[in-house]
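The values are calculated or read from the model by the stated rules, or taken from the named source; none is laboratory data. Computed from a predicted structure; not experimentally measured. All Cβ positions, glycine included, derive from the backbone under ideal geometry; neighbour counts span all protein chains shown. Note: areas computed on protein heavy atoms with side chains; ligands, DNA, RNA excluded. Shrake-Rupley method; radii C 1.70, N 1.55, O 1.52, S 1.80 Å.
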Amino acid sequence: MKIAIGNDHAAVALKNHIKKYVEDMGHTVINFGTDTNDSCDYPVYGEKVGRAVAGGEADLGILICGTGIGISLAANKVKGVRAAVCSEPYSAKLTRMHNDANIIAFGARVVGEAMAEMIVYEFLNAKYEGGRHQRRVDMIGDIENR
Ligand code: RB5
(Lines give C-alpha, C1' and ligand atoms only; values in the text may rest on other atoms or scores of the structure.)
Protein backbone atom coordinates (compact mmCIF):
# COMPACT_ATOMS: atom_id res chain seq x y z
CA MET A 1 0.00 0.00 0.00
CA LYS A 2 0.92 3.67 -0.26
CA ILE A 3 1.04 5.18 3.22
CA ALA A 4 1.10 8.94 3.79
CA ILE A 5 2.89 10.00 6.95
CA GLY A 6 3.03 13.40 8.62
CA ASN A 7 4.09 14.87 11.93
CA ASP A 8 5.07 18.03 13.76
CA HIS A 9 8.31 18.90 15.58
CA ALA A 10 7.31 16.79 18.61
CA ALA A 11 7.43 13.59 16.58
CA VAL A 12 10.34 13.63 14.14
CA ALA A 13 12.27 10.79 15.78
CA LEU A 14 9.19 8.56 16.16
CA LYS A 15 8.12 9.39 12.59
CA ASN A 16 11.51 8.26 11.27
CA HIS A 17 11.27 5.04 13.28
CA ILE A 18 7.76 4.30 12.06
CA LYS A 19 8.59 5.26 8.46
CA LYS A 20 11.31 2.59 8.40
CA TYR A 21 9.02 0.10 10.14
CA VAL A 22 6.31 0.60 7.53
CA GLU A 23 8.79 0.41 4.64
CA ASP A 24 10.23 -2.80 6.10
CA MET A 25 6.69 -4.22 5.97
CA GLY A 26 6.81 -3.70 2.20
CA HIS A 27 4.74 -0.53 1.90
CA THR A 28 5.63 2.69 0.09
CA VAL A 29 5.75 5.71 2.41
CA ILE A 30 5.02 9.26 1.24
CA ASN A 31 6.62 11.52 3.84
CA PHE A 32 4.94 14.91 4.23
CA GLY A 33 7.25 16.01 7.07
CA THR A 34 8.21 17.87 9.07
CA ASP A 35 11.76 16.58 9.17
CA THR A 36 13.35 19.07 11.55
CA ASN A 37 12.93 19.73 15.25
CA ASP A 38 12.13 23.40 14.60
CA SER A 39 8.77 24.37 16.04
CA CYS A 40 6.01 24.14 13.45
CA ASP A 41 2.22 24.04 13.21
CA TYR A 42 0.61 20.59 13.27
CA PRO A 43 -2.49 21.61 11.21
CA VAL A 44 -0.25 22.00 8.15
CA TYR A 45 0.76 18.34 8.27
CA GLY A 46 -2.66 17.07 9.27
CA GLU A 47 -4.13 18.73 6.20
CA LYS A 48 -1.37 17.48 3.86
CA VAL A 49 -1.86 13.85 4.88
CA GLY A 50 -5.63 14.26 4.96
CA ARG A 51 -5.70 15.54 1.39
CA ALA A 52 -3.34 12.79 0.20
CA VAL A 53 -5.61 10.10 1.63
CA ALA A 54 -8.93 11.69 0.69
CA GLY A 55 -7.63 12.40 -2.82
CA GLY A 56 -6.39 8.85 -3.41
CA GLU A 57 -2.66 9.63 -3.56
CA ALA A 58 -2.27 7.37 -0.52
CA ASP A 59 -4.30 4.37 0.64
CA LEU A 60 -3.99 5.14 4.36
CA GLY A 61 -2.30 7.72 6.56
CA ILE A 62 -0.29 7.96 9.77
CA LEU A 63 -0.14 11.20 11.78
CA ILE A 64 2.00 11.86 14.84
CA CYS A 65 2.26 14.96 17.01
CA GLY A 66 2.79 15.34 20.75
CA THR A 67 -0.54 13.77 21.65
CA GLY A 68 -1.88 12.82 18.23
CA ILE A 69 -4.92 14.96 18.93
CA GLY A 70 -4.26 18.31 17.26
CA ILE A 71 -2.96 16.79 14.04
CA SER A 72 -5.96 14.42 13.84
CA LEU A 73 -8.42 17.28 14.44
CA ALA A 74 -6.91 19.09 11.46
CA ALA A 75 -6.99 16.01 9.22
CA ASN A 76 -10.62 15.35 10.11
CA LYS A 77 -11.59 18.71 8.60
CA VAL A 78 -10.74 17.30 5.16
CA LYS A 79 -13.82 15.79 3.56
CA GLY A 80 -13.57 12.02 3.42
CA VAL A 81 -11.03 11.70 6.21
CA ARG A 82 -11.73 9.51 9.21
CA ALA A 83 -8.70 9.99 11.46
CA ALA A 84 -8.65 8.11 14.77
CA VAL A 85 -6.35 8.78 17.72
CA CYS A 86 -5.29 5.46 19.24
CA SER A 87 -2.86 4.81 22.07
CA GLU A 88 -3.07 1.02 21.95
CA PRO A 89 -3.38 -1.63 19.23
CA TYR A 90 -6.89 -2.95 20.00
CA SER A 91 -8.49 0.39 19.12
CA ALA A 92 -6.22 0.74 16.09
CA LYS A 93 -7.47 -2.59 14.74
CA LEU A 94 -11.13 -1.93 15.51
CA THR A 95 -11.16 1.54 14.02
CA ARG A 96 -10.19 0.01 10.66
CA MET A 97 -12.62 -2.90 11.02
CA HIS A 98 -15.67 -0.92 12.18
CA ASN A 99 -15.13 2.78 11.43
CA ASP A 100 -13.22 2.38 8.17
CA ALA A 101 -10.74 4.87 9.62
CA ASN A 102 -8.31 5.91 6.89
CA ILE A 103 -5.78 7.67 9.12
CA ILE A 104 -4.31 6.53 12.43
CA ALA A 105 -2.92 9.16 14.80
CA PHE A 106 -0.95 8.85 18.01
CA GLY A 107 1.24 10.91 20.29
CA ALA A 108 5.02 10.80 20.43
CA ARG A 109 4.72 12.05 24.01
CA VAL A 110 2.20 9.31 24.81
CA VAL A 111 3.44 6.06 23.27
CA GLY A 112 6.94 4.63 22.85
CA GLU A 113 8.42 3.01 19.76
CA ALA A 114 7.25 -0.52 20.56
CA MET A 115 3.66 0.52 21.24
CA ALA A 116 3.64 2.72 18.12
CA GLU A 117 4.78 -0.26 16.03
CA MET A 118 1.95 -2.41 17.41
CA ILE A 119 -0.61 0.33 16.75
CA VAL A 120 0.58 0.73 13.17
CA TYR A 121 0.79 -3.02 12.57
CA GLU A 122 -2.82 -3.60 13.62
CA PHE A 123 -4.08 -0.58 11.69
CA LEU A 124 -2.37 -1.54 8.42
CA ASN A 125 -3.25 -5.22 8.61
CA ALA A 126 -6.90 -4.98 9.67
CA LYS A 127 -9.62 -5.06 7.02
CA TYR A 128 -12.76 -2.97 7.01
CA GLU A 129 -15.71 -5.31 7.67
CA GLY A 130 -18.38 -3.30 5.84
CA GLY A 131 -21.80 -4.85 6.35
CA ARG A 132 -23.65 -3.34 9.29
CA HIS A 133 -20.88 -0.80 9.74
CA GLN A 134 -21.34 0.79 6.32
CA ARG A 135 -24.58 2.55 7.26
CA ARG A 136 -22.88 4.20 10.21
CA VAL A 137 -19.82 5.19 8.21
CA ASP A 138 -22.16 6.65 5.58
CA MET A 139 -23.89 8.62 8.34
CA ILE A 140 -20.54 10.21 9.22
CA GLY A 141 -20.15 11.24 5.59
CA ASP A 142 -23.71 12.63 5.60
CA ILE A 143 -22.71 15.02 8.38
CA GLU A 144 -20.02 16.45 6.09
CA ASN A 145 -22.64 17.08 3.42
CA ARG A 146 -25.14 18.94 5.63
C1 RB5 B 1 3.26 20.79 20.28
O2 RB5 B 1 3.87 21.31 21.41
C3 RB5 B 1 1.97 20.06 20.63
O4 RB5 B 1 1.00 20.97 21.03
C5 RB5 B 1 1.50 19.21 19.48
O6 RB5 B 1 2.50 18.33 19.12
C7 RB5 B 1 0.29 18.35 19.73
O8 RB5 B 1 0.44 17.60 20.89
C9 RB5 B 1 -1.01 19.00 19.65
O10 RB5 B 1 -2.08 18.37 19.71
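Hey, can you find the accessible area per residue of the stretch 1-134 for me, probe 1.4 Å, expressed in square angstrom?
Computed with neighbouring chains in place, this is 46 Å² per residue.
Short version: ³J(HN,Hα) in whole Hz for each residue of the stretch 74-82, in order, from phi by Karplus 6.51 cos²θ - 1.76 cosθ + 1.60 (θ = phi - 60°), x for Gly and Pro, what are they?
5, 4, 5, 7, 7, 4, x, 8, 10
List the lysines whose Cα lies under 20 Å from the Cα of Lys2, skipping any in the same chain that are fewer than 8 positions away.
Lys15, Lys19, Lys20, Lys48, Lys79, Lys93, Lys127
Based on the mean of other beta carbon atoms within 10 Å per residue, what is the order of 78-88, 96-106, most packed first? Spell out each step's value before the answer.
Details: 78-88: 19.1, 96-106: 23.6.
Descending mean neighbour count gives 96-106, 78-88.
Ignoring ligands, DNA and RNA, what percent of the 1.4 Å accessible area of the chain is carbon and sulfur?
That share works out to 51 percent.
Just the number: Rg to Rh for the chain, Cα atoms, Kirkwood Rh, two decimals. Write out the running numbers ahead of the final one.
Values: Rg = 14.0 Å, Rh = 14.7 Å.
Radius of gyration relative to Kirkwood radius: 0.95.
Going 7 Å from the Cα of Lys79 along its beta-carbon direction, which residues of the stretch 110-146 have the amide nitrogen within less than 17 Å of the resulting point?
Once the point is set 7 Å along Cα→Cβ of Lys79, 138-146 turn out to lie under 17 Å by backbone N, inside the stretch 110-146.
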